[in-house]
């Protein structure tokens, strides 16, 4: 690795000179980079020496742009067989957010400060949740490029590591009454349920099924004799039926007598349904937007579960999945099931117990409140 001066004459006889950095990267590829000024060449030489030693250097001559890497990433995701809805979302992150701002930037020019500046630009007119999702997509693009040997490091991942926190830790904790309906709110909603809304929302409230799993639920997967249902398929946003996202998503969930009775009555009212679906739409699975607009929001308004502006308090159906998780966790004396974390994970169909702990761990009773401490003291001393 060296910095040397290069001199030559043009066709017109004019003398020219430049400074050349000649080096070999960590993959044993030789590169030359030319500078007009010696100090610029020496600065580049010093930085390259450090990066090559760390194994994180990417030569500009071998680098592609972020937009080009993004297209390769989408191609690999499609080949991996991810769902059409997920692929569409990834494509939107790339075309609407990443490419317009940094698409022309070469991967070799990316750094931790660059990513921080990109994040700051995103935050000017995007929500924190959207910013996080875009950065996760950018990290996926760089991880794919790294696997292809197109970039030596994933600066998005490096930045998270440098900051000492992960995306999971950045997420705001779910709160009862803001993200999770309270037991009183759920009781008020149940009291107002009738028609199709009753079996649909009771099933959502007391099984914790994801909206896609609820929409893909078949009668053949509902065992009313044993009061349990089996999660075996789901419906994506396009109404396409398929297997759950992960092996953990395939699970059995017990039914409360109230839910089993509601489903039994609903079964008698709808003896023949397209595709054996429990909650069919006009053509195929019930759409999520229809459930939210015509079932979930009206149920809240009828029960008086509203925000200050008079609209329904909880916008998405996922609030009911959160409630189910909290109900599984709550103590029996508070009307909950008081299940251990591992069983809560199984009921929710989470791929790992860490996922359940990160999302709902703070809802578990501390076990050291005044009443329990007093009882422990009494038991110990007697």
message = Being modelled with pLDDT under 95, within 22 Å of residue 325 (Cβ to Cβ) and either in the same structural domain as residue 286 (by TED's automatic domain parsing) or surrounded by 16 or more Cβ atoms within 10 Å (Cβ to Cβ) (or both) is the requirement here; does residue 227 meet it?
response = no
task = Specify the residue that is modelled with the lowest pLDDT; the eligible residues are those in the range 170-199 that are assigned to a helix (DSSP H, G or I) and more than 19 Å from residue 325 (Cβ to Cβ).
result = 170
remark   = If we ask which residues in the range 328-346 are buried (at least 20 other Cβ atoms within 10 Å of the Cβ) and under 28 Å from residue 196 (Cβ atoms), their number turns out to be 1
query = Among 189, 180, 205, which is the only one that is surrounded by 20 or more Cβ atoms within 10 Å (Cβ to Cβ), farther than 27 Å from residue 358 by Cβ and either without any contact (Cβ under 8 Å) to a residue 60 or more places away in the chain or touching a helix residue (DSSP H, G or I) at 6+ places or on another chain (Cβ under 8 Å) (or both)?
reply = 189
task = Residue by residue through the range 243-269, note down the ones that are part of a loop (DSSP other than H, G, I, E, B), in contact with a helix residue (DSSP H, G or I) (Cβ under 9 Å, 6 or more places away or on another chain) and surrounded by fewer than 15 Cβ atoms within 10 Å (Cβ to Cβ).
result = 243, 256
message = I'm told residue 316 meets every condition in (1) within 21 Å of residue 179 (Cβ to Cβ); (2) crowded, with 19+ Cβ neighbours inside 10 Å except one. Can you identify the failing condition by its number?
response = (2)
task = Quick one: which helices (runs of 4 or more DSSP H) lie wholly within the range 284-369 and hold at least 3 residues that are closer than 18 Å to residue 190 by Cα and either out of contact with any helix residue (DSSP H, G or I) (no Cβ under 7 Å at 6 or more places or on another chain) or assigned by TED's automatic domain parsing to the domain that holds residue 196 (or both)?
result = 297-303, 318-329
task = State yes or no: is residue 220 within 30 Å of residue 362 (Cβ to Cβ) and surrounded by fewer than 14 Cβ atoms within 10 Å (Cβ to Cβ)?
result = no
request  = Give 53, 49, 43, 59 a once-over and let me know the one that is at pLDDT 80 or above and either under 41 Å from the mean Cα position of the chain (by Cα) or at negative phi (or both).
outcome  = 43
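Residues checked against (1) surrounded by 19 or more Cβ atoms within 10 Å (Cβ to Cβ); (2) without any contact (Cβ under 8 Å) to a residue 60 or more places away in the chain:
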position: 116; (1), (2): no, yes
position: 128; (1), (2): no, yes
position: 133; (1), (2): no, yes
position: 145; (1), (2): yes, no
position: 155; (1), (2): yes, yes
query = Residue check, residue 229 against (1) in a helix (DSSP H, G or I); (2) within 23 Å of residue 186 (Cα to Cα); (3) without any contact (Cβ under 8 Å) to a residue 40 or more places away in the chain, all met but one. Which one?
reply = (1)
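The values are calculated or read from the model by the stated rules, or taken from the named source; none is laboratory data. Everything numeric here is computed off the predicted structure, so don't read it as measured data. Cβ: placed from backbone, ideal geometry, glycine included. Neighbour counts: every protein chain shown.
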